[in-house]
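I have placed the structure first, in the form of structure tokens, so that the comments after it can refer back to it.
The values are calculated or read from the model by the stated rules, or taken from the named source; none is laboratory data. Since we're looking at a predicted model, the values are computed, not measured. Don't worry about glycine lacking a Cβ; one is built from the backbone with ideal geometry, like all the others, and counts go over all protein chains shown.
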Amino acid sequence: MPDTHFYRYDAYDRALVGERIAQFRDQVRRRIAGELTEEQFKPLRLTNGLYLQLHAYMLRIAIPYGTISARQLRKLAEIARKYDRGYGHFTTRQNLQLNWIRLEDAPDALAMLAEVDMHAMQTSGNVIRNVTADHFAGAAVDEIEDPRIWCEIVRQWSTLHPEFSFLPRKFKIAITGSPNDRVAVRVHDVGLRLWRNGQGEVGFEVIVGGGLGRTPLIGKTLREFLPKDELLAYLEATLRVYNRYGRRDNLYKARIKILVHEIGVEKMREEVEAEYAATRNSALKLAPETIEGIARQFAPPPLRAKRTRVPEVEALKLENRAFALWLKSNVAPHRVAGHAIVTASLKPAGAPPGDASAAQMEGVADIADAYSQGELRVSHEQNLVFPHVAIESLPAVWRALDALGFAEANVGKITDIIACPGLDYCALANARSIPVAQSISTHFASLARQHDIGDLKIKISGCINACGHHHVGHIGILGVDRNGVELYQISLGGDVDFGNTALGSILGPAVEADKVVEAVDALVATYLEARIDGERFVDTYRRLGAQPFKESVYGNS
Amino acid sequence: MEILKEEPLPPEVPTLVLPNTEDVLALGDRLDGVELIILDFPKFTDGRAYSQARLLRERLGYTGELRASGAVFIDQIPFLLRCGFDSFASAQKGFSEALDKARTLFSVVYQPTGDGRATANELRLQRRAAVAA
Ligand code: SF4
């Protein structure tokens, strides 16, 4: 009986990761010995996950398609203790960042990671990055097919790709297997959406050229339907067109979205299709046995249908309001009767979003072992997910999470904030993000109030690079610098739900740090006043437009 | 500058020197009789010549010498080899020893390219077939 229900490395994968670490160890040695300049070393360390921040090196560890076992998470805790300050930060791209790594320790940290079949390859740099997937994959009720099978196929193909290791810029791919998009396929360099066509065949919609950053653009459909076994041929064609024609003269114009924007999606399609026509029947075409071999490893755990109404759960729901709210916001339906998907909130009131201490990681790993088949997911909303929990275990899981501080009933609510590292860590930042998130989270701490306000996504970035995805926040907050003063620009109406991907519009002049909470409070009050039947904040905004919200923040002058 | 190749070609060989912006698919008869193509890496972070190399080898069937020149450093060698380069002009110290090492640095590859190396997937399938037989 395997200890996981997702891809396990075989001897080939292990050999490659080991050889990569040996190569990096030698590169670090040469850097320290002065044989490599920082300029030469930089792309080498970046593609091994090592990024230079404001105060220290940061190691960004890949959690491929957001799936991790309890055993692997314990190892991350151990690494955080041994080589960092005993905590880590889960990111919006299903990675874990350790913020205080010493260069000379990095190869050893990577070797420890390899003990549990993990790596940090291609989590930075101008390469194909860690591929992200729906955090409910393999458990979601609405899933057509597990996207992680395809993520793993892409992971292998993209790892040390000889042609695409010096791209014009980074390249992010996300895959969803559900009609309800939870990975934001339209704001990725390439987004892949599995769907079933009229003939009953499942294939990919290929979306290209989306992205946030300085020039936020919504991705366009490059191909309506791609047969699954041609995925790599099509991706290779797309990447080749990008590698050849993507701009390299200006860092800010180098993403594929600018190429698509400049030449138009029709021309892009023509180029990609021509390239694809020449390679589609090559060795890149996936053999059925290859797909089956990987798919088999993602076979769902053998869950038996259980009762869905459990007296203990019902009783606790009546007697404990926090539990009742938690069931509403943090527990989602599972495809097997009597089970649920539980989201542990890494956003307790007033805490930096996405942080977890080594002890908390170990606590979460224990819960996963006891109640979730030893498995976890990392969501792009910087939370941890237990994909397979029996409904009868919910009270126990809730209590255990509460003891760790991760039982906040706020998933999807106003305090479930996404924030980039900002000026506390990031050398590019204009302003702090985390303290802003913390003060909003403290202000709106009341769970009853949060649930009354309903679904509201706040996303905060410390500069226009938009790592905190502020463009697609229902309320987006962007740190700007005006003559050395940190100010925050507020935008409204962003969204990433499929079919609804929208970029927010700037509300008005940027406000000072201590005015942000006030402004958010005013926006919320305006919404509560004006909402009609079940409207979310963003729906009311769409119905009424910016004016009443603007007045609430700036007055009606 | 040090040019590394087991059998250096005489200087009078028909040669094509291409910038990395050249569309190699449009070379047409300029390729006829060419025995040496030199591709340029203006900066080592500019990876356009990798695509040029693969297209020359895999699409156009070019079998002559393919040389990487410009900002060509030790740590690019595994990628260069896989894309079909078989000759290197590098000013970096220790390049020649590194070249030998680089050939065996990675025992596993995931991508099928024109270098003919069996990918992890192909080896897995062969293994499975052997077990089944
Ligand atoms: S958005 Fe800006 S400040 Fe925030 S992490 Fe990205 S680069 Fe740094």
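Conditions first: (1) of a type outside the set (Lys, Arg); (2) buried (at least 23 other Cβ atoms within 10 Å of the Cβ); (3) at pLDDT below 95. A:Thr92 passes all but one, so which condition is the exception?
All conditions pass for A:Thr92, except number (2).
Working carefully through the options B:Arg124, B:Arg57, B:Arg30, B:Arg67, find the one that is within 9 Å of another protein chain (Cβ to nearest Cβ) and not in a loop (DSSP other than H, G, I, E, B). Before you say what the answer is, go through the steps one by one.
Details: B:Arg57 fails: within 9 Å of another protein chain (Cβ to nearest Cβ); B:Arg30 fails: within 9 Å of another protein chain (Cβ to nearest Cβ); B:Arg67 fails: within 9 Å of another protein chain (Cβ to nearest Cβ).
The unique qualifying residue is B:Arg124.
State yes or no: is A:Ser557 over 22 Å from A:Pro352 (Cβ atoms), away from the ligand (no atom under 16 Å from the Cβ), polar (S, T, N, Q) and modelled with pLDDT under 95?
Taking the combined requirement at face value, the residue satisfies it.
For the subset of the stretch A:471-480 comprising residues that are among the hydrophobic types (A, V, I, L, M, F, W, C) and buried (at least 24 other Cβ atoms within 10 Å of the Cβ), which member is nearest to the ligand (Cβ to nearest atom)?
Going through the stretch A:471-480, the residues among the hydrophobic types (A, V, I, L, M, F, W, C) turn out to be A:472, A:475, A:477-478, A:480.
Within this subset, residues satisfying the condition of being buried (at least 24 other Cβ atoms within 10 Å of the Cβ) are A:472, A:475, A:477-478.
Numbers: A:Val472: 13, A:Ile475: 16, A:Ile477: 11, A:Leu478: 8 Å.
So the residue we want is A:Leu478.
Which condition breaks for B:Lys43 when tested against (1) at the interface with another protein chain (Cβ under 8 Å from one of its Cβ atoms); (2) at pLDDT 95 or above; (3) surrounded by fewer than 17 Cβ atoms within 10 Å (Cβ to Cβ)?
For B:Lys43, the failing item is (1).
Can A:Lys267 be described as of a type in the set (Lys, Arg) and either outside the structural domain of A:Asp146 (by TED's automatic domain parsing) or without any contact (Cβ under 8 Å) to a residue 24 or more places away in the chain (or both)? It would help to see each step written out before you state the result.
Values: of a type in the set (Lys, Arg): yes; either outside the structural domain of A:Asp146 (by TED's automatic domain parsing) or without any contact (Cβ under 8 Å) to a residue 24 or more places away in the chain (or both): yes.
Yes; evaluated as a whole, the condition is true for this residue.
Residue by residue through the stretch A:295-332, note down the ones that are outside any helix (DSSP H, G or I) and under 23 Å from A:Ile414 (Cβ atoms). Working first, answer last.
First, the residues of the stretch A:295-332 that are outside any helix (DSSP H, G or I): A:298-310, A:320, A:331-332.
Selection gives A:Asn320, A:Val331, A:Ala332.
State whether one or more residues within the stretch A:374-382 are farther than 25 Å from A:Ala133 by Cβ, away from the ligand (no atom under 16 Å from the Cβ) and either more than 14 Å from chain B (Cβ to nearest Cβ) or aliphatic (A, V, I, L, M) (or both). Explain how you work it out, then say what you get.
As a first pass, look at the stretch A:374-382 and keep what is farther than 25 Å from A:Ala133 by Cβ: none.
Within the stretch A:374-382, none of the residues are farther than 25 Å from A:Ala133 by Cβ, away from the ligand (no atom under 16 Å from the Cβ) and either more than 14 Å from chain B (Cβ to nearest Cβ) or aliphatic (A, V, I, L, M) (or both).
Taking the stretch B:106-121 only, how many residues are surrounded by 19 or more Cβ atoms within 10 Å (Cβ to Cβ), within 7 Å of chain A (Cβ to nearest Cβ) and in a loop (DSSP other than H, G, I, E, B)?
6
Tell me whether the stretch A:142-154 contains one or more residues that are part of a loop (DSSP other than H, G, I, E, B) and not acidic (Asp, Glu). Outline the logic, then answer.
Start the filter on the stretch A:142-154 by keeping residues that are part of a loop (DSSP other than H, G, I, E, B), which leaves A:142-146.
From what is left, the residues that are not acidic (Asp, Glu) are A:144.
Scanning the stretch A:142-154 turns up at least one residue that is part of a loop (DSSP other than H, G, I, E, B) and not acidic (Asp, Glu).
How many residues, within the stretch B:73-94, are within 12 Å of chain A (Cβ to nearest Cβ) and in contact with a strand residue (DSSP E or B) (Cβ under 9 Å, 6 or more places away or on another chain)? Spell out how you get there, then give the answer.
Pass one, the stretch B:73-94, residues within 12 Å of chain A (Cβ to nearest Cβ): B:73-85, B:92-94.
Then drop every residue that is not in contact with a strand residue (DSSP E or B) (Cβ under 9 Å, 6 or more places away or on another chain), which leaves B:73-74, B:76-77, B:80, B:83-85, B:92.
Here the count works out to 9.
Tell me the residue from A:Leu286, A:Leu346, A:Leu325 that is crowded, with 20+ Cβ neighbours inside 10 Å and away from chain B (no Cβ under 14 Å), please. Steps first, answer last, please.
Numbers: A:Leu286 fails: away from chain B (no Cβ under 14 Å); A:Leu325 fails: crowded, with 20+ Cβ neighbours inside 10 Å.
A:Leu346 is the lone residue from the list that is crowded, with 20+ Cβ neighbours inside 10 Å and away from chain B (no Cβ under 14 Å).
Please count how many residues of the stretch A:1-13 are part of a loop (DSSP other than H, G, I, E, B) and within 12 Å of another protein chain (Cβ to nearest Cβ). Break it down stepwise before answering.
First, pick out the residues of the stretch A:1-13 that are part of a loop (DSSP other than H, G, I, E, B): A:1-10.
Still in the running and within 12 Å of another protein chain (Cβ to nearest Cβ): A:9-10.
The qualifying residues number 2.
Does the stretch A:415-470 hold any residues that are small (Gly, Ala, Ser), within 16 Å of the ligand (Cβ to nearest atom) and either within 14 Å of chain B (Cβ to nearest Cβ) or crowded, with 22+ Cβ neighbours inside 10 Å (or both), and which are they?
Step one: filter the stretch A:415-470 for residues small (Gly, Ala, Ser), giving A:419, A:422, A:427, A:429, A:431, A:433, A:437, A:439, A:441, A:445-446, A:448, A:454, A:461-462, A:466, A:468.
Then drop every residue that is not within 16 Å of the ligand (Cβ to nearest atom), which leaves A:419, A:422, A:427, A:429, A:431, A:433, A:437, A:461-462, A:466, A:468.
Correct list: A:Ala419, A:Gly422, A:Ala429, A:Ala431, A:Ser433, A:Ala437, A:Ser461, A:Gly462, A:Ala466, A:Gly468.
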